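Participant: One structure, as C-alpha cells, below. Some questions next.
Every number in this text was worked out from the coordinates using simple rules, so none of it is lab data. In this text, all values refer to a predicted model and were calculated from it rather than measured experimentally. For neighbour counting, all protein chains shown are included, and Cβ atoms are generated from backbone atoms with ideal geometry for every residue, glycine included.
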Amino acid sequence: MKALSKLNSEAGIWLTDVEIPEPGHNDLLIKIHKTAICGTDMHIYNWDEWSQKTIPVPMVVGHEYVGEVVGMGQEVVGFQMGDRVSGEGHITCGHCRNCRAGRRHLCRNTYGVGVDRQGAFAEYLVIPALNAFKIPDNISDDLASIFDPLGNAVHTALSFDLVGEDVLITGAGPIGIMAAAVAKHVGARHVVITDINEYRLDLARKMGATRAVNVAKESLSDVTTELGMSEGFDVGLEMSGVPAAFCDMLSAMNHGGKVAMLGIPAGEMAIDWSQVIFKGLIIKGIYGREMFETWYKMASLIQSGLDLTPIITHQFHIDDFQKGFDTMGSGESGKVILNWK
Ligand code: NAD
Ligand code: ZN
C-alpha cells in the first residue's frame with residue numbers, strides 16, 4: 001500500500017510502498033479516506049530536535065484521519081464493516097491507576113499513532129478497536145478527519161465554564177481558531193484571540209472571534225479597554241507555546257482567572273509568578289483529549305450547529321503531498337487535508 005514515511009534522518013517525507021498492516025484480535029483495519037497534517041507532522045517533517053529524539057526511522061507517520069472499517073479481529077465488538085471511524089491517537093496501557101479509573105487521557109504509558117507506532121498517512125491503518133470513534137452520518141469526512149486537533153481545542157476550551165465569560169486565546173493556529181469558535185458557540189461573551197500572523201487572524205475573525213489581535217502591532221490592553229472590559233479575562237487558553245504570549249496572558253487575566261495550557265513551549269519557560277500568586281490564578285495543563293467524552297462532545301457540538309468548515313483551507317490528493325506540507329509550512333493555511341481515495 002501507499003504510505004507517507006519518514007525514511008531518512010533529515011528534513012522531508014517520502015511516499016513509499018509498505019505492507020498492509022494485519023489487525024490483531026482486538027484491532028480494526030481501517031481504509032483511510034482523508035488525513036490532515038498536524039503541527040506534530042511538521043516537526044517530524046522538519047526533523048527538529050524533538051523528532052530526532054522521538055521518531056524511529058523508517059516510520060509511517062500521521063494521526064489525523066477518517067476512514068472506514070474493512071477488517072477486524074475476532075474479539076472486536078461494537079463495530080461493523082463499513083462503519084466510518086476516526087480514532088484516538090493515544091494508545092493507553094489499560095492497567096495504570098488512571099486507565100483503570102477511566103481517566104485514560106492521564107495514562108502515563110501512552111503510545112502515539114504516527115509517533116511511536118505506524119501512523120495514518122497510509123491507505124490502511126490498524127488501531128485497537130477501543131481507540132476508534134464511530135462518526136455520525138451527518139458529519140462529513142472533511143470534519144471527521146480533523147477530530148484529533150478539534151479534540152485538543154474542545155478539551156482545552158471546555159476545561160472551564162465559559163458561559164458569559166471573557167476568554168483570551170493566545171495563538172491563532174488551527175487549534176486556537178477552533179477553540180475560539182467553540183468558546184463562542186457555547187456562550188462566552190468576548191473571545192479575544194492573539195497571533196502575529198495576519199492570515200490566521202483573519203481566519204479567526206471569520207470563525208467568530210470577537211477580536212483577533214496582532215500583538216506585533218496592537219496592545220492587548222488597548223483592546224480590552226475598547227471592549228469595555230475593566231477587569232481582565234476570566235478564562236485563558238494558551239495555544240501558542242510561545243513564552244511571550246503566555247506572559248501577555250498572565251498580565252491580562254482577572255483575579256481568580258483560570259488558564260488552560262495546551263501550547264508546548266520549546267524549552268523551560270520563565271514567567272512572573274507574582275501574576276499567578278497575587279491574582280490567585282488556576283493553571284491547568286492539557287494533554288490530548290478525554291477518551292471519549294471529548295469525542296462525544298465534538299460530535300455533539302457539530303450536530304448542534306458549530307460551523308468549523310472555514311478552518312479547512314486546503315485539500316490535495318496524496319500524490320501532491322509535498323504541496324500540502326509546503327502549504328502547512330508557509331503559515332498561510334488553516335487545516336490542510338490529504339485525500340487518499
Ligand atoms: P501552531 O503552531 O499552528 O499555532 C501556534 C500559533 O501561535 C501560530 O499561529 C503562531 O503564529 C502563534 N504565535 C507565535 N507567537 C505568538 C505570540 N507572541 N502571541 C500569540 N501567538 C503567537 O499550532 P497548533 O497546531 O494550532 O497547536 C497549538 C499549540 O498546541 C502548539 O504549541 C502545539 O505544539 C500544541 N499542541 C499541544 C497538544 C497537547 O496535547 N498539549 C496537542 C496538540 C498541539
Ligand atoms: Zn494507562
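Participant: Packing-wise, with mean Cβ within 10 Å as the measure, how do 50-61, 150-161 rank, highest first?
Facilitator: 150-161, 50-61
Participant: Can you tell which of A216, A183, G263 lies farthest toward the positive end of the dipole of the chain, using +1 and -1 charges on the Cβ of basic and acidic side chains (Lys, Arg; Asp, Glu)?
Facilitator: A183
Participant: Determine the distance separating the Cα centre of the range 147-226 from the Cα centre of the range 1-49; give it in Å without decimals.
Facilitator: If you average the Cα positions of each part, the centres end up 31 Å apart.
Participant: Turning to a different aspect of this structure: Calculate for the chain the 222 nm mean residue ellipticity that helices alone would give, adding -39,500 (n - 2.57) per DSSP H run of length 4 or more and normalising by residue count, nearest 500 deg cm²/dmol.
Facilitator: -8000 deg cm²/dmol
Participant: A follow-up question, please. Arranged from highest to lowest average of other beta-carbon atoms within 10 Å per residue, in what order do the peptides 65-71, 101-107, 264-270 appear?
Facilitator: Top of the packing list down: 65-71, 101-107, 264-270.
Participant: With a cut-off of at most 15 other beta carbons within 10 Å, and DSSP calling the residue loop, which chymotrypsin sites (Phe, Trp or Tyr not before Pro) in the range 250-320 qualify? Please list them.
Facilitator: Answer by residue number: Y287.
Participant: Run the reach check for K323 against lysines, Cα to Cα strictly under 25 Å, same-chain hits fewer than 8 apart removed. What comes back?
Facilitator: K2, K6, K31, K34, K206, K335, K341
Participant: Could you put R108, R200, R84 in order, starting from the residue whose Cβ has the fewest other Cβ atoms within 10 Å?
Facilitator: R108, R84, R200
Participant: Treating only the Cβ atoms of Lys and Arg (+1) and Asp and Glu (-1) as charged, compute the dipole magnitude of the chain about its Cα centre; round to the nearest 20 debye.
Facilitator: It works out to roughly 680 debye.
Participant: What is the range 96-147 by shape, rounded, prolate or oblate, if you read a ≥ b ≥ c off the alpha carbon gyration tensor as root eigenvalues and call it rounded for a/c under 1.5, prolate for a/b larger than b/c, and oblate otherwise?
Facilitator: Here the range 96-147 falls in the oblate category.
Participant: What is the range 19-172 by shape, rounded, prolate or oblate, if you read a ≥ b ≥ c off the alpha carbon gyration tensor as root eigenvalues and call it rounded for a/c under 1.5, prolate for a/b larger than b/c, and oblate otherwise?
Facilitator: Rounded is the answer for the range 19-172, as its axis ratio a/c remains below 1.5.
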